[in-house]
Structure formats: C-alpha cells, structure tokens
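S.K.: Structure provided below as structure tokens; questions to follow.
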Amino acid sequence: MILTINSDHWLDNVKQVPSPFCDPRPDDEVSLLVVHNISLPPGEFGGPYIEQLFTGQLDPNEHAYFALIHQFRVSAHCLIRRDGSIIQFVPFNIRAWHAGVSCFDGRDKCNDYSIGIELEGCDYLPFTSNQYQTLTALSKKIMQHYPAITRQRVTGHEFIAPGRKTDPGLVFNWLSYKSQL
C-alpha cells in the first residue's frame, strides 16, 4: 500500500486502515507535526489493539484497561510500529483526532492544523532505531509537502497539552531526531 496525501503517493509498504475518527480541516492549513506514543495494553507492544482503538472496534472485554477507553473517538494520521512499519489511518489533508485540548505557540485546537504521528511505545522504554529511521524519513516527506512545518514546528503531545499528556516521554531523543530533519 502507499502513504497518501490527497491523491499523491509518498512511500511504499504502508498499510492503510481507515479511521472513522476524522473530519475535514476548517481550512487547508497544515503547519504542525505532533509526535505521540501509544501502547495497548499500556506498556505492551504488538497485537491489533491500537488499530482497533483508532477504528472504533476495541473490545472492552479483552483487557480491563480497554473497558475505560473503548468508547474514545481518537485517531492519528499514522502509527509507526516497533519494527518501523507504518499504518496510515487518516490522509494528511484530513483532520485526525489525536491532540485533544491543545495549544501551540498561543494557538488552540492543534488538530485543526497538525499531523499526528504515533510511535508504538510508552514514556519509559526506549523507542527502536527502526522507529527513529521511519519517523525521520516520514517527517522529511511531510515537511517537503507542507513547508509551513519547520523544525521549530515539530513537537510532542506533552508540549501542546502540558499537565494532561506526557508523550512521547522523557526517553524520546529529540536532539537526535530534530538534528536529522
């Protein structure tokens, strides 16, 4: 499969899993890239649960934690698995529901103008080299297509929703990642 933005094709070998949790952007502006992390159940990797959450199919009986979150209507544009593979849930020109209540550089509602990339991981375990390689390559492609996204406009969920979110966490290597953009 192919990573898409509108009808343009970017990268091969991307799994497409459409999420219903998206809607049109209020305008065509895309000027922020937000890095997140997610693992389901918390601290566990692999399995179908992130895809199920982002598509509204998470079974609350599979795990006690899922009973708390199965009704959340959330998505991201892409998920980068531990092996570096990409799953795309929402085309980049559409608003994904990844940031929630958020603010960047004095502007609220980051979903309106941002792209959300989830890394399969958690706040306290290192991300893989494959994830960093894929994230860097994907970020560069996004920045080429959306020149308003500069290195200064690449941020973490923790910085746009402080006190509410902590991802991608203290173990995320911002210095190395941003130096490659």
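No value in this document is a laboratory result; all are computed from the given coordinates. Note that this is a predicted model, so its numbers are computed, not measured. When we count neighbours, we look across all protein chains shown, and the Cβ atoms used for this are built from the backbone with ideal geometry, even at glycine.
S.K.: At most 13 other C-beta atoms within 10 Å and a DSSP loop state: those are the exposed GluC sites (Glu not before Pro) I care about. Give me the longest piece of the chain that has none.
M.R.: Maximal segment without exposed cleavage sites: 45-181.
S.K.: Given the options 98, 70, 157, which has the most mean-square fluctuation in a GNM of the chain, springs set between C-alpha atoms less than 10 angstrom apart?
M.R.: 70
S.K.: Further, regarding this structure: Given the convex hull of the Cα atoms of segment 82-181, what is a quarter of its surface area in nm²?
M.R.: One quarter of the hull surface, i.e. the mean projection, equals 6.2 nm².
S.K.: Under a 5 Å amide H to amide H cut-off, with H placed in plane at 1.01 Å, what residues pair with residue 169 once short-range neighbours are removed?
M.R.: Those qualifying (amide H under 5 Å, at least 5 residues apart or on another chain) are 158.
S.K.: Relative to the present Cα-Cα distance, how much length would full extension add between residue 171 and residue 151 at 0.36 nm per residue of separation?
M.R.: Contour length minus Cα-Cα distance gives 5.3 nm.
S.K.: Which order do peptides 164-174, 131-141 fall in by mean Cβ count within 10 Å, highest first?
M.R.: Answer by packing, highest mean first, reads 131-141, 164-174.
S.K.: Please list the non-local residues whose amide H lies under 5 Å from the amide H of residue 14, H modeled 1.01 Å from N, same-chain partners needing a gap of 5 or more.
M.R.: 2, 3
S.K.: Quick check: net charge around residue 148, other residues with Cβ under 11 Å of its Cβ, Lys/Arg +1 and Asp/Glu -1?
M.R.: Cβ neighbours under 11 Å give a net charge of -1.
S.K.: Please report the net charge: other residues with Cβ closer than 12 Å to the Cβ of residue 39, K and R +1, D and E -1.
M.R.: Result for the local shell: -3.
S.K.: Out of these labelled values of mean projected area of the Cα convex hull in nm², (1) 9.6; (2) 10.4; (3) 12.1, which was calculated from the coordinates shown here?
M.R.: Working out mean projected area of the Cα convex hull in nm² from the coordinates points to (1).
S.K.: Sticking with this structure for a sec: Helix-only mean residue ellipticity at 222 nm, the chain, DSSP H runs n ≥ 4 weighted -39,500 (n - 2.57), per residue, nearest 500. What is it?
M.R.: Helices in the chain give a 222 nm mean residue ellipticity of -5500 deg cm²/dmol.
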